[in-house]
Each structure stands twice: as C-alpha cells, then as structure tokens.
Amino acid sequence: MDRKNLKIALVNPRIESYSSTMPPLGLLYIASLLETNGFNVRIYDIYPYDDSDIEALIQYKPDVVGMSVLTDYWNRAKYISERINRNLSDSTFVIGGVHVTALPEDSITQLKADIV
Ligand code: B12
C-alpha cells in the first residue's frame, strides 16, 4: 500500500489535570517523523468529558491507531481501547509511552493491543 493511503491516528487519552492542557509532545514527535516520511497522520487529543472525539476516531477508520499511555491515563486508556477493539477490529492497534514501556506485558494484555 502507498504510504499516503495508510491512515494513521495517534491518540492521547487526555484526563483532567492542570498540566494536561499541554499538547502531547511525544506523540507530536512521532507524527512529525511520520509526516516527514510521507505518511498521513491525524492526532486525536481526546477530550475527557464526552465521547465525541472517540466517535470521530472510529468514523475515520484508521489503518493504524497508536495510543500513548501515562499511568495517570490508565483508566481512560482502558475505556478508549475497549472502544477501539470493539469498533476498529481491522486496525492495527499500537501502544507506547511511559506506562506501557514500564509494564509492557500487562499493558498489551489488558488493553488488547497488537503491538507494544
Ligand atoms: C516534560 C514533561 C512534562 C511536561 C510536558 C509533557 C507533554 N506535553 O508531553 C508537562 C509539565 C506538561 C508534563 C505534564 C504531565 N506529566 Co510529565 N513529564 C515530563 C518529563 C520531564 C519529560 C517527558 C518528555 O518530554 N519526554 C520525551 C518524549 C519524547 O517522550 P514521551 O513523551 O514519553 O514519548 C516518546 C516515547 O514514550 C514513545 N511514545 C509515547 N507515546 C507513544 C505511543 C506509541 C503508539 C508509540 C509507538 C510510542 C510512544 O515515543 C515518544 C517519542 O520518542 C517526564 C519525565 C522524564 N524525564 O521522562 C515526565 C513524566 C512523563 N510526566 C509524568 C506525569 C505523571 C505527568 C502528568 C500526568 C502530571 C499531572 N498529574 O498532571 C502530566 C500529563 C500531561 C501530558 N499531557 O502529558 C510522569 C509519568 C509517570 C507515569 N508512570 O506515567 C513522568 C515520567 C514524570 C515522573 N517520573 O513522574 N510533563
């Protein structure tokens, strides 16, 4: 498949905290590298209080979903990953970030991801 036709969505499972108003820099680094190499990337910095951003992600039908997980984000990440697994079963689901780097086996099992 042509790189430009591969739809990649990067997901930040945002929670409410004073510093969570910052953009997710780690995901943005990944997005910039992918764009430089010709890939089509969208960032979903998911609003914590309703599911409209999750619905938009599902409607987009990405080929690859990459979600970043800090420990503080765990419950929200679990909720979003359940929606991804239920509605985007054909997408490759990749997880990364501080929490899953520390606990890769537990994370890939609990979030039912394809790649950690
Ligand atoms: C700078 C920093 C901040 C800044 C900027 C964060 C931002 N907007 O990205 C501010 C002050 C805003 C901040 C806030 C918070 N932070 Co902070 N922060 C850091 C710090 C010092 C460096 C992070 C960084 O920029 N790393 C460099 C980038 C490149 O790494 P990265 O984001 O992890 O992403 C890379 C990889 O992890 C990986 N990756 C990440 N996601 C994904 C996803 C996929 C699919 C893949 C394949 C790879 C991948 O690839 C990325 C590129 O290389 C670290 C401590 C440290 N020394 O690492 C703490 C740290 C990450 N923060 C931490 C915490 C708890 C928070 C807050 C939740 C605090 C709070 N309660 O509000 C918030 C979260 C807000 C947010 N949106 O991120 C903890 C996380 C602990 C944990 N177990 O999860 C850390 C480890 C500090 C600590 N020791 O407690 N933080």
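The values are calculated or read from the model by the stated rules, or taken from the named source; none is laboratory data. Small disclaimer: the values here were computed from a predicted structure and weren't measured. Using ideal geometry, Cβ is built from the backbone for each residue, glycine included, and neighbour counts are taken over all protein chains shown. Side chains are part of the model used for accessible areas, which takes the heavy atoms of the whole protein and leaves out ligands, DNA and RNA. Shrake-Rupley method; radii C 1.70, N 1.55, O 1.52, S 1.80 Å.
General observations
- Accessible area of Thr71 in the full protein assembly, 1.4 Å probe (Å², nearest 10): 90 Å²
- Solvent-accessible area, 1.4 Å probe, carbon plus sulfur percent, for the chain: 54 percent
- Partners of Lys4 within straight-line reach, counting lysines whose Cα lies under 16 Å from its Cα and excluding those fewer than 8 residues away in the same chain: Lys61.
- Placing a pseudo-label 7 Å from each Cα along the Cα-to-Cβ vector at Tyr49 and Lys61 gives an inter-label distance of 3.3 nm.
- Here's the picture: charge each Lys and Arg Cβ at +1 and each Asp and Glu Cβ at -1 in the range 3-110, and of Leu6, Ser91, Pro23 the one pushed furthest to the positive end of that dipole is Leu6.
- Distance histogram for the range 3-110 (every C-alpha pair counted, 10 angstrom bins, percent rounded to whole numbers): 14, 50, 33, 3
- A cut-off of 5 Å between modelled amide H atoms, ignoring neighbours fewer than 5 places along the same chain, links Asn40 with Leu6, Ile8.
- Here the peptides 21-28, 108-115, 62-69 are ranked by packing, the mean other Cβ count within 10 Å, and the order with the highest first is 62-69, 108-115, 21-28.
- Virtual spin-label span in nm between Glu82 and Phe39, 7 Å along Cα→Cβ: 2.8 nm
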